[in-house]
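Below: one structure, written as structure tokens.
Read-outs throughout are calculated quantities, based only on the coordinates presented, and are distinct from any laboratory measurement. As the structure is a prediction and not an experimental result, all values here were calculated from the model. Here Cβ is always computed from backbone atoms with ideal geometry, including for glycine, and neighbour counts include all displayed protein chains.
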Amino acid sequence: MEFGSINPSIIQEKILGDLIWAMTNPDTEVSDLVEDVQYKTGGPADFPNAEDSVTSSFIEFEIRYDTLTGNPYQQ
């Protein structure tokens, strides 16, 4: 995301919040196979250099789901 004159850390935290919301929002439809979604870690992907105009964040989730042995498409 471009950060312009705003401190990149502020933008990185906003990105992180958006990503967490996108994955944990109860209104988001997910597969019936998903049992649980847990946020594990996330934050600034890297602090931009002086010549950079964009910044980013990363996020990791643990997604648990049950499937039939040998058939990942059914529970």
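Data for the structure
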{"item": "Over segment 3-44, equivalent-ellipsoid semi-axes from the Cα gyration tensor in Å", "result": "28, 11, 6"}
{"item": "The chain: angle of helix 8-24 to the longest principal axis, Cα-based, in degrees nearest 10", "result": "10 degrees"}
{"item": "Net +/- balance of residues flanking Thr67 in space, Cβ distance below 15 Å, scoring K and R +1, D and E -1", "result": "-3"}
{"item": "Descending semi-axes in whole angstrom, ellipsoid equivalent of the chain, from the Cα gyration tensor", "result": "34, 12, 9"}
{"item": "Lys, Arg +1 and Asp, Glu -1 on Cβ, resulting dipole of segment 8-65 about Cα centre, debye, nearest 20", "result": "140 debye"}
